[in-house]
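The values are calculated or read from the model by the stated rules, or taken from the named source; none is laboratory data. Note that the coordinates shown come from a computational prediction; the quantities given were computed from them, not determined experimentally. We place every Cβ from the backbone using ideal geometry, glycine too, and count neighbours over all the protein chains shown. These area figures cover heavy atoms from the full protein model, side chains too; ligands, DNA and RNA do not enter into them. Shrake-Rupley method; radii C 1.70, N 1.55, O 1.52, S 1.80 Å.
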Amino acid sequence: MEAVEKKRILVIEDEAHIADGIRLNLSIQGYDVKIAIDGIEGLEKWRSWKPDLIILDIMLPMIDGFSILKTIRQEDEKIPVLILSARGDTKDKVKGLRYGVDDYLSKPFDLEEFLLRVERLIKKKTWYEGNKKGQESGYEMFEGDYYDFGDNHIDFISYKAICAAGEIILTEQEIVLLKLFIANKGKPLSREMLLSAGWGYSRDTTTRTVDNFIVRFRKYFEKKPKKPIYFISRRSVGYIFEHD
């Protein structure tokens, strides 16, 4: 079995005891962590290492955190950035949001809250990658944050759905396939195309994988899974998503 590649987190922090504590706790959670102790080193490691998340202090030697954030956003609008700062006043938070920060946590911070915020931002990065993978298949992807059909509500930000099966947490592949179905509502989608969008034809997947996901969607969203009205089979074609 192939090893799962660890998510990369770049910590740009000049206080050694804080940086080492963050690295230790993130490493325990299974992340690959690198430290940069000033703004110049931070930008260099961001460009060369291509992390999945940046944890950024504001008060840094060489280049301050806001300038780093502004530079990053000129080249990459998608990478999640979490600011950790002793400066927790509203003006700094507003400035961070204006420059494109995803989250802001004041020092000192609660470790459990910090780890949960990191996990949420990593999921956000994973969703962007999944959405990009679907778009590269040549089909349009739904780009909204929420979607309702029938009595079902999907929250694409939190990966949650309120549906016939109750409240559930959706996986990355489920998110990608749902966005693909929603954007192409009423259009038959082949199993091969769904595979390409959701998994890129990895060697561990077959067209049967798609069938299994459709069974799962019917259990989630259909009042009568054996008589579906939303996720409908099309013989010799694949599946179609329909609703009023």
Checklist entry - Do the conditions hold for Pro108, that is, is it over 21 Å from the mean Cα position of the chain (by Cα), open to solvent by 70 Å² or more (accessible area, probe 1.4 Å) and not β-branched (Val, Ile, Thr)? => result yes
Item to check | Considering residues of the stretch 159-182 that are open to solvent by less than 10 Å² (accessible area, probe 1.4 Å) and among the β-branched types (Val, Ile, Thr) only, the residue nearest to Leu195 (Cα to Cα) | outcome: Val176
Checklist outcome for this item: Within the stretch 141-158, the residues that are open to solvent by 50 Å² or more (accessible area, probe 1.4 Å) and among the acidic types (Asp, Glu) are Glu143, Asp145, Asp148, Asp151
Item to check | Residue that is in contact with a strand residue (DSSP E or B) (Cβ under 7 Å, 6 or more places away or on another chain) and either over 17 Å from Glu222 (Cα atoms) or in contact (Cβ under 8 Å) with a residue 24 or more places away in the chain (or both), where the choices are Ile168, Ile162 | outcome: Ile168
Next on the checklist: Condition first: open to solvent by 60 Å² or more (accessible area, probe 1.4 Å), at positive phi and assigned to a loop (DSSP other than H, G, I, E, B). Can you find one or more residues in the stretch 37-52 that meet it?
Outcome noted: yes
Checklist entry - without any contact (Cβ under 8 Å) to a residue 40 or more places away in the chain, open to solvent by less than 50 Å² (accessible area, probe 1.4 Å) and not in a helix (DSSP H, G or I), is that true of Ile9? => result no
Checklist outcome for this item: Inside the stretch 231-244, the number of residues satisfying the requirement of being of a type outside the set (Val, Ile, Thr) and open to solvent by 30 Å² or more (accessible area, probe 1.4 Å) is 7
Next on the checklist: List the strands (runs of 3 or more DSSP E) inside the stretch 75-177, counting only whole elements, that have at least 2 residues being modelled with pLDDT under 80.
Outcome noted: none
Next on the checklist: Quick check on Arg218: is it crowded, with 17+ Cβ neighbours inside 10 Å, at pLDDT 90 or above and of a type in the set (Lys, Arg)?
Outcome noted: yes
Checklist outcome for this item: Residue hits (the stretch 53-63; open to solvent by less than 60 Å² (accessible area, probe 1.4 Å) and either among the polar types (S, T, N, Q) or out of contact with any Pro (no Cβ under 6 Å at 6 or more places or on another chain) (or both)) are Ile54, Ile55, Leu56, Asp57, Ile58, Leu60, Pro61, Ile63
